[in-house]
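Undergrad: Below is a structure I'd like to ask you about.
The values are calculated or read from the model by the stated rules, or taken from the named source; none is laboratory data. Nothing here was measured: the structure is a model prediction, and the numbers come from that model. Because the Cβ atoms are built from the backbone with ideal geometry, glycine has one as well, and the counts that use them run over all protein chains shown. Keep in mind that these areas ignore ligands, DNA and RNA; they rest on the heavy atoms of the full protein, side chains included. Shrake-Rupley method; radii C 1.70, N 1.55, O 1.52, S 1.80 Å.
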Amino acid sequence: MQFTSDNAAAVHPAVWKAMMAADAPDAPYDNDALSQRLDATFSALFGRECAVLWVASGTAANCLALAAMVPPHGAVVCHREAHIEMDEAGAPGFFLHGAKLLLADGASAKVTPETLAAVIDPIRDDVHQVQPHAISITQASEYGCVYRPEEVAAIASFAQARGLGLHMDGARFGNATAYLGCSPAEAAGAVDALSFGFVKNGGMGAEAIVFFDVEAARTIRYRRKRAGHLQSKGRFMAAQILAMLEGDLWLGNARAANAAAAEIAAAAPGRLLHPVEANEIFLTCTAAEREALRAQGFAFYDWGADAARLVTSWDAKDAHVSALARALAGL
């Protein structure tokens, strides 16, 4: 009974079907008919013009998006628990040719204008100190907590006032949007670029970089090629993304994962380390309790010495979710 990661989930049948349908001759790279539909499709989804590039991983999506905003001598301000800091093996420094990450605090892995200012304000405006050029926030955060539209708006206003770009790591953007019950545009707010995640939500191997600064995408097309992410049969990348957007499949999948997480969280309210707003659950759990859960067939990650992380996915089986909820209630 798999609760380690939504990356372990199955690929949605609609995605496989779309990829099979794309298995016919077409122009290579991103000149195929499906890839050419992405800009208009996402522009309609967000209600404003955007340019969209597919890549194979969230790491590439995050780092290429930031490369549009940050020079090698600059810095990105992010939460100290952000994926780009903790889980990308130094990829931001690699893709940004040495640019630095400046780490901010904030409850539940969410930054605020105040915690951002605490990092930025002490930096002198001279050549001896690395200057910030962008802010990166994660929607939903690394602890599964969701930025409300007003929180994103406050950060966007802060970024604009400081002349900084704003990037959103949306590996679980679907889960955040589903939780908020708002439009994708409201969940994203006034960001300059969004890494729109699909793999964790039913995709096979395609993520989208959505540039709301359309001009920035021109340079990143060259960087994508240089980074080895311009796949020759790009139609299969675009097919996955379009299939997930069709009929709001991405939102339906996210709602299913969120509902499973909510059921599990409701069984152990006194153990929760963070509010459960998306599809991740962090709870106190001793080593003996974790061993007991694993003995019953549940797979999950330890989170330090006395906690566990459980992640639900779009295809979580009702019987498995209910069994885990009962097991937690019985600890």
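Undergrad: Within segment 123-156, count every residue that is in contact (Cβ under 8 Å) with a residue 40 or more places away in the chain, open to solvent by 10 Å² or more (accessible area, probe 1.4 Å) and over 21 Å from residue 86 (Cα atoms).
TA: Looking only at that region, the number is 4.
Undergrad: While we're here: From the set of residues in segment 294-312 that are over 19 Å from residue 274 (Cβ atoms) and part of a loop (DSSP other than H, G, I, E, B), which is farthest from the chain's Cα centre (by Cα)? Steps first, please.
TA: Taking segment 294-312 as the starting set, the residues that turn out to be over 19 Å from residue 274 (Cβ atoms) are 294-299.
Narrowing the set further to residues that are part of a loop (DSSP other than H, G, I, E, B) leaves 296-298.
Numbers: 296: 31, 297: 28, 298: 25 Å.
Step by step, filter segment 294-312, then rank; the result is 296.
Undergrad: Right, next: What number of residues within segment 101-122 satisfy the criterion of being at positive phi, part of a helix (DSSP H, G or I) and either surrounded by fewer than 19 Cβ atoms within 10 Å (Cβ to Cβ) or of a type outside the set (A, V, I, L, M, F, W, C) (or both)?
TA: We begin by selecting, within segment 101-122, every residue at positive phi; these are 106, 108-109.
Subset that is part of a helix (DSSP H, G or I): 108-109.
Checking which are either surrounded by fewer than 19 Cβ atoms within 10 Å (Cβ to Cβ) or of a type outside the set (A, V, I, L, M, F, W, C) (or both) leaves us with 108.
Adding up the residues that qualify gives 1.
Undergrad: Follow-up question, since we're still on this one. Just to be sure I understand, how many residues within segment 220-241 are closer than 18 Å to residue 43 by Cβ and either open to solvent by less than 20 Å² (accessible area, probe 1.4 Å) or assigned to a loop (DSSP other than H, G, I, E, B) (or both)? Break it down stepwise before answering.
TA: Start the filter on segment 220-241 by keeping residues that are closer than 18 Å to residue 43 by Cβ, which leaves 220-221, 238, 241.
Now drop any that are not either open to solvent by less than 20 Å² (accessible area, probe 1.4 Å) or assigned to a loop (DSSP other than H, G, I, E, B) (or both), which leaves 220, 238, 241.
Here the count works out to 3.
Undergrad: Here is a follow-up. Any idea which of 185, 161, 178 is within 22 Å of residue 251 (Cβ to Cβ), open to solvent by 30 Å² or more (accessible area, probe 1.4 Å), small (Gly, Ala, Ser) and part of a helix (DSSP H, G or I)? Show your work before the answer.
TA: On the way: 161 fails: within 22 Å of residue 251 (Cβ to Cβ); 178 fails: open to solvent by 30 Å² or more (accessible area, probe 1.4 Å).
Answer to the selection: 185.
Undergrad: Now a separate question. With respect to residue 73, is the statement that it is touching a residue at least 60 places away in the same chain (Cβ under 8 Å) and farther than 28 Å from residue 309 by Cα true? Walk me through how you get there before you give the answer.
TA: On the way: touching a residue at least 60 places away in the same chain (Cβ under 8 Å): no; farther than 28 Å from residue 309 by Cα: yes.
It is false that residue 73 is touching a residue at least 60 places away in the same chain (Cβ under 8 Å) and farther than 28 Å from residue 309 by Cα.
Undergrad: Counting only residues that are among the aliphatic types (A, V, I, L, M) and either over 21 Å from residue 194 (Cβ atoms) or in contact with a Pro (Cβ under 6 Å, 6 or more places away or on another chain) (or both), how many does segment 72-100 have? Break it down stepwise before answering.
TA: Step one: list which residues in segment 72-100 are among the aliphatic types (A, V, I, L, M), which gives 75-77, 82, 84, 86, 89, 91, 96, 99.
Remaining after also requiring either over 21 Å from residue 194 (Cβ atoms) or in contact with a Pro (Cβ under 6 Å, 6 or more places away or on another chain) (or both): 75, 77, 84, 89, 99.
So the answer is 5.
Undergrad: Only residues that are in contact (Cβ under 8 Å) with a residue 24 or more places away in the chain and either of a type in the set (Val, Ile, Thr) or in a strand (DSSP E or B) (or both): list them for segment 265-283, please. So that I can check it myself, show each step before the final result.
TA: Filtering segment 265-283 for residues in contact (Cβ under 8 Å) with a residue 24 or more places away in the chain gives 266-268, 271, 273-283.
Matches in segment 265-283: 276, 280, 281, 282, 283.
Undergrad: Can you tell me which residue within segment 104-117, out of those that are among the hydrophobic types (A, V, I, L, M, F, W, C) and out of contact with any strand residue (DSSP E or B) (no Cβ under 7 Å at 6 or more places or on another chain), is farthest from residue 309 (Cα to Cα)? Outline the logic, then answer.
TA: So the first thing to find is which residues in segment 104-117 are among the hydrophobic types (A, V, I, L, M, F, W, C), and the list is 104, 107, 109, 111, 116-117.
Next cut, out of contact with any strand residue (DSSP E or B) (no Cβ under 7 Å at 6 or more places or on another chain) only: 107, 117.
Values: 107: 17, 117: 30 Å.
Here the answer is 117.
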